[in-house]
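One structure coming up, written as structure tokens, with questions to follow.
The values are calculated or read from the model by the stated rules, or taken from the named source; none is laboratory data. Not measured: the values here are computed from a predicted model. Every residue, glycine as well, gets a Cβ built from its backbone with ideal geometry; the counts of neighbours run over all protein chains shown. These area figures cover heavy atoms from the full protein model, side chains too; ligands, DNA and RNA do not enter into them. Shrake-Rupley method; radii C 1.70, N 1.55, O 1.52, S 1.80 Å.
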Amino acid sequence: MAETLQGSPTPDHMKNVDDLNDDDFSEAEHTVLERTVWRKLDRWVLPICTIFYLLSFLDRSNIANARVAGMQTELKMSNYQYSVALTVTYVPYIAAEFPSNLLLKYIGPDLMLPTMVTLWGLVATLQGVVTTYSGLLACRFFLGLLEGGLFPGLVLYLSFFYPRDRLQIRVATFFAAASLSGAFSGLLAAGIMEMNGAAGKPGWAWIFILEGIFTFIFGSIAFFVLPRSPERARFFSPAERSYVVLKLKQGGAVARNEENDHFSWLEILKACKSPQVLLLAPALFFNGSTLFGLAYFEPTIVAGLGYAGNRAQLMTVPPFAAAFACAMISAFVSDRYRCRGLTSIFFSMLSLIGFSMFYGSDSIHIRYGSLFFSVTGAYCTAPALSTWIANNSAPHVRRATAVAIAFIMSNSGGILATWLLGSLSPAPNYTKATLTFVIMSILMMVFPALNLAYLWRQNRLKAEKKQTMGKEEESTGLGDRSVWFEYSL
């Protein structure tokens with residue numbers, strides 16, 4: 001039985017959350033609550049999630065800045081060994097995503113997420129004290145293991161608080177932190193390099209140490225401020241709690257009957273067999289390849305264009321800054337007009353333009369300009385695909401599985417990108433890698449288009465079926481397969 005909420009808006013008697021409906025709130029209350037509850041969540045929950053992901057991407061990808069700053073030379077690493085170090089991060093990262101997502105609700109995100117952040121902050125700091133390649137490999141393994149569940153966990157966590165039609169702008173907000181981290185990473189690296197030689201440590205070591213310490217401190221603070229769920233959020237009044245839960249249930253973001261929302265291997269199997277998951281999985285793999293390839297190698301690509309030292313670090317910033325701005329604008333449009341599929345296709349087209357420019361020209365200026373297209377395309381496609389797959393999976397276990405599959409595919413693409421750019425495709429032209437990314441960008445348009453056609457047809461069939469049956473005639477536990485669940489396009 002679902003939990004009875006204290007302080008329900010009906011003063012005469014307590015109501016179960018399953019019995020709440022719009023009539024329990026006056027028109028004036030609707031207006032006030034609609035304006036205040038999401039603003040409160042944006043003030044208390046979203047910034048923490050955004051900083052979590054910014055730190056995650058920063059601590060995982062700042063190895064690229066450390067490489068440009070001299071780490072590879074000092075640790076006597078070959079390009080092959082650098083690729084191995086990145087791969088060692090991905091293997092436990094991918095392995096942790098699925099079990100972490102399933103455990104999130106039952107352990108509690110208010111405990112699990114800050115614990116992950118705090119522990120990987122320690123590991124990230126230790127990268128700055130390693131003196132051997134093997135020591136770096138050990139740090140990268142545990143960094144991947146502790147970070148693995150964060151991104152799918154954050155998407156799932158936000159789906160506990162926001163209705164489906166309000167989710168992408170929030171997912172894009174914290175995912176845009178990835179592009180922001182790319183910009184910050186270059187700026188921070190340029191500043192931290194001024195500490196080269198302090199306490200006998202090189203500048204690249206201080207990049208790891210200072211950024212890792214900040215992550216540890218922020219993760220420790222988050223234990224005291226991150227809410228577990230809308231029902232337990234201290235910043236909500238009783239009426240606000242009721243209103244948020246009502247909107248989540250009306251939009252299909254959470255199950256109407258929590259008895260049908262417990263762990264089930266059958267729900268995991270249903271998620272794995274869902275056409276909307278299977279159609280987006282390849283697109284997420286291709287997007288992961290382009291995105292992580294740019295995240296780990298953009299500083300090296302920029303350096304290969306003729307920039308050096310701090311100027312190379314600073315020149316990595318503008319493409320990521322442009323991607324951040326576009327991600328926020330596109331997410332607002334996607335939420336406002338409910339066009340996840342078209343958003344994915346449009347930005348995949350930008351990726352295609354960017355990689356085609358890089359492949360087809362030897363001009364330094366054109367190649368640098370191409371990064372604005374490819375980085376923006378990759379970093380704006382990702383939140384649209386991630387939100388889309390979360391929107392169209394219910395109940396909780398099915399959604400948790402679908403989101404985990406999405407990020408397993410995305411990070412598996414990252415492994416491919418690591419070897420394409422690290423060993424198999426020599427700098428500065430990266431010919432094989434760029435041509436591969438051109439093909440992937442085309443396929444990133446094809447699969448979302450197929451998914452869009454499938455979901456549109458399913459919605460049409462559901463609409464026809466609703467005309468001939470009532471809700472009481474439908475069996476429980478159908479989740480997103482229910483006639484009353486409208487797929488997000």
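Pairing the Cα long axis of helix 396-419 with the longest principal axis of the chain, what angle in degrees results, from 0 to 90 and rounded to the nearest 10?
10 degrees
Turning to a different aspect of this structure: Contact order normalised by length for the chain, with contacts defined as Cα pairs under 8 Å and 6 or more residues apart; what percent is it?
Relative contact order of the chain: 22 percent.
Which of 407, 233, 395 sits closest to the plus end of the dipole of the chain, meaning its Cα is farthest towards the positive end, when Lys and Arg get +1 and Asp and Glu get -1 on the C-beta?
407
Here is a further query. For 430, 106, give the ranking by accessible area with the largest first, probe 1.4 Å.
Order by accessible area, largest first: 106, 430.
Right, another one. With the other protein chains left in place, how much accessible area per residue, in square angstrom, belongs to the chain at a 1.4 angstrom probe?
39 Å²
To continue, here is another question. Could you check how much of the accessible area of the range 137-200 is carbon and sulfur, as a whole percent, using a 1.4 Å probe?
70 percent
If you find the alpha carbon centre of the range 317-386 and of the range 392-444, how far apart are they in angstrom?
Their Cα centres are 15 Å away from one another.
Jot down the radius of gyration and Dmax of the range 332-489, Cα atoms only, both in angstrom.
19.4, 66
Apply the Karplus curve 6.51 cos²θ - 1.76 cosθ + 1.60, θ = phi - 60°, to the phi angles in the range 294-311 and return the couplings in whole Hz, x for Gly and Pro.
Once rounded to whole Hz, the list reads 5, 4, 8, 10, 4, x, 5, 4, 4, 4, x, 7, x, 8, 9, x, 5, 5.
Would you check the accessible area of residue 462, probe 1.4 Å, heavy atoms only, in square angstrom rounded to 10?
Near enough 20 Å² of accessible area.
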